[in-house]
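The values are calculated or read from the model by the stated rules, or taken from the named source; none is laboratory data. Note that the structure is a prediction, hence the values are computed from the model and not measured. Virtual Cβ from ideal backbone geometry, glycine too; neighbours counted across all protein chains shown.
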Amino acid sequence: MWTQITAVLNDYTFQVVALGTGMLGLISGVVGTYVTLRKESLLGDALSHSALPGIGIGFLLMQRKEFVVLLLGAVVSGLMATGLIQLMSKKSPVKFDSALSVVLSSFFGLGLVIMTIIQRNPNAQQAGLDSFIFGQASAMLTRDVWLIVGASMIMLLLISLFWKEFKIFTFDADYGKTLGFSSRWVNLLLSTMIVLTIILGLEAVGVILISALLIGPSVAARQWSDKLSVVMGLAGIIGAVSGAAGTMISTVGVRIPTGPTIVIVLSIFIVGSLLFSPKRGLIAKRMKFYKKQKAFRQQIRRLEEEQGK
Amino acid sequence: MSSIAEITIIAVIVSIACALPGVFLVLRGTTMVSDAITHTVLLGIVLAFFITRDLNSPLLMVGATLIGVATVWVIEALQRTKLMSNDAAIGVVFPLFFSLAILLITRYTGDVHLDTDSVLMGELVFAPFDRMTLFGIDVGPRALFSMLIILLINVVFISLFYKELKVTTFDAAFAAAIGISPVVIYYGLMTLVSLTAVGAYDSVGSILVVGFMVGPGLTAYLLTYELKKMLGSAVIFAALNSIIGVQAAFAFDTSIAGMIAVLNGLICLTVFIISPKKGLIKNWMLKQKRKEAFDQKLKDTTKR
């Protein structure tokens, strides 16, 4: 077992893939902190599904898998879906989550229609619908990993540059507006970063699980601190560790898919944080409750004794 | 019957069966919970499959429905802890259940026909090949009968508990005050949702089920203020979209469920723009009219 693990650790392919998934975990943990704090967790789910038609059209235009074109298509259709969801939920009595589910499923349906046409066309290569749904971390190339690392670096730079703008608009958008910041630009920048993170993650973990990678780390990290910078840093670390550990488990084991393993590792972090966090954790709350109960009982006993006298 | 006709009938029945509980999901604003359910029933199917070792067993349906209801319970338990926002709870639970299901499938059922692709995407084209025989006579595709039964269950539940569903949907506190438990009705509705999702998964696929539930319901919601009319028009939209969708899918030689989902979305978007009651244009005109009236008033008062 141990020799196996060290052998895997020295394996070049593993190092490449683990760097990719780890970096992906890190950036989605960091960007995801904004998503959960803005209470838009399910937007990630909708965005990842609605990237499919963009990818399909990108493939139809190029007739082969040109990563940058597919990425561009996915970003465009993701942003269109976001716009539609915002329009429907803000300009009419339609509830946010109804708009979300309708847009999600019809974009995904459109993607499915386009993908099926591509796959039935004998001249075209397989567009890889499977790898889109479940992700194929093991098929990540060095080039893809560098793209993930590069894009993540740019996003981290943007976050540090616009730290206070993002912070104001996350916690108190109205206050931000009164200070004279342009809410449109900040929101567009944030949405673009979220879409980009999701699309980078599609190849590694797939359409359904990328939203978990976006939400999970920050939900876990949020239990340990009330400070944005600490939560964000922790979320990045948790995401990175889950990504790398999940990749390792699936490489060492036999027939264990990478994406789901990453999500399961991440879920262990979440459950652990919910239980053991010293301030907000469920166990700590229970203990506090018992302590109060005990103190209260003692007080009553003391009162009774006093009355007995 | 030709296979196109059979496929159309199955599509219509699936759509109506999904649209009925969907109306209540739209009104309650819990459509994303149903999205979670449609993903997690896969875990139920896998677990029940390990016990029965038979893909056609009715136990599969029971197991999957139970996991669907369990999903709702876990989500609610997480929401009650107040440690995360409501939608984050949904987003944390269903990927975990789904991951477990995928892990189990790839690890242990490699040589069994439990194809993750067909579960997620569904393929209506293949539905007529799986026949149901009664006393040695071929009576029709199996999917037709299973969905017909589910549709019947949905209709019976909604007509029996119509009053209860209505009052808990619109005013939960009042319902509780007059002795109707909103919790019981909510779980009843969610049981229907997961049963329908399980039944629909092999013809529609688990990702698109949510569109089949929400699309017609939301379209109807934009057109009327009355629950009965909303149910009726949701059923009509569901049927129309699936009939046109099947034809269009055959014309373009592409995924049927995908095409119906696209139509559901398109019709919903169109109604959202042009609806005479709550549409975008109507709202804009109303705003314009109010603006003019206000301007006029302002002018009148300044003149004086």
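In table form, for the structure just shown:
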{"quantity": "Residue within segment B:214-223 that is in contact (Cβ under 8 Å) with a residue 12 or more places away in the chain and surrounded by fewer than 24 Cβ atoms within 10 Å (Cβ to Cβ) present", "calculated": "yes"}
{"quantity": "Count - residues of segment A:32-41 that are more than 17 Å from A:Ile270 (Cα to Cα) and either away from chain B (no Cβ under 11 Å) or at pLDDT below 85 (or both)", "calculated": "3"}
{"quantity": "Positions within segment A:184-201 being away from every other protein chain (no Cβ under 14 Å) and hydrophobic (A, V, I, L, M, F, W, C), in sequence order", "calculated": "A:Trp185, A:Val186, A:Leu188, A:Leu189, A:Leu190, A:Met193, A:Val195, A:Leu196, A:Ile199, A:Leu200"}
{"quantity": "Single match in B:Asn283, B:Asn264 (criterion: touching a helix residue (DSSP H, G or I) at 6+ places or on another chain (Cβ under 8 Å) and within 12 Å of chain A (Cβ to nearest Cβ))", "calculated": "B:Asn264"}
{"quantity": "Hey, A:Phe132 under 22 Å from A:Leu47 (Cβ atoms), modelled with pLDDT under 85 and among the aromatic types (Phe, Trp, Tyr) or not", "calculated": "yes"}
{"quantity": "Every residue from segment A:202-246 that is within 27 Å of A:Leu275 (Cβ to Cβ) and modelled with pLDDT under 85", "calculated": "A:Val205, A:Ile208, A:Leu209"}
{"quantity": "Evaluation of B:Thr254 against (1) out of contact with any Phe, Trp or Tyr (no Cβ under 8 Å at 6 or more places or on another chain); (2) part of a helix (DSSP H, G or I) (one fails), failing number", "calculated": "(2)"}
{"quantity": "Criterion (at pLDDT 85 or above and within 14 Å of another protein chain (Cβ to nearest Cβ)) met by exactly one of A:Ala127, A:Ala99", "calculated": "A:Ala99"}
{"quantity": "Residues within segment B:15-51 that are in contact (Cβ under 8 Å) with a residue 40 or more places away in the chain, away from chain A (no Cβ under 14 Å), closer than 29 Å to B:Thr106 by Cα and not small (Gly, Ala, Ser), tallied", "calculated": "4"}
{"quantity": "Unique match (being within 14 Å of the chain's Cα centre (by Cα), farther than 19 Å from B:Ile207 by Cα and crowded, with 17+ Cβ neighbours inside 10 Å) among A:Ile194, A:Ile208, A:Ile199", "calculated": "A:Ile194"}
{"quantity": "Residue that is farthest from B:Leu223 (Cα to Cα), among those in segment A:78-94 that are within 8 Å of chain B (Cβ to nearest Cβ) and crowded, with 20+ Cβ neighbours inside 10 Å", "calculated": "A:Leu84"}
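Per-residue answers, yes or no, for (1) closer than 25 Å to A:Pro217 by Cβ; (2) touching a residue at least 24 places away in the same chain (Cβ under 8 Å); (3) in contact with a helix residue (DSSP H, G or I) (Cβ under 6 Å, 6 or more places away or on another chain); (4) of a type in the set (D, E, K, R):
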| site | (1), (2), (3), (4) |
| --- | --- |
| A:Thr3 | no, no, no, no |
| A:Asp11 | no, yes, no, yes |
| A:Ser28 | yes, yes, yes, no |
| A:Gly32 | yes, yes, yes, no |
| A:Leu47 | yes, yes, yes, no |
| A:Gly54 | no, yes, yes, no |
| A:Met62 | no, no, yes, no |
| A:Val103 | no, yes, yes, no |
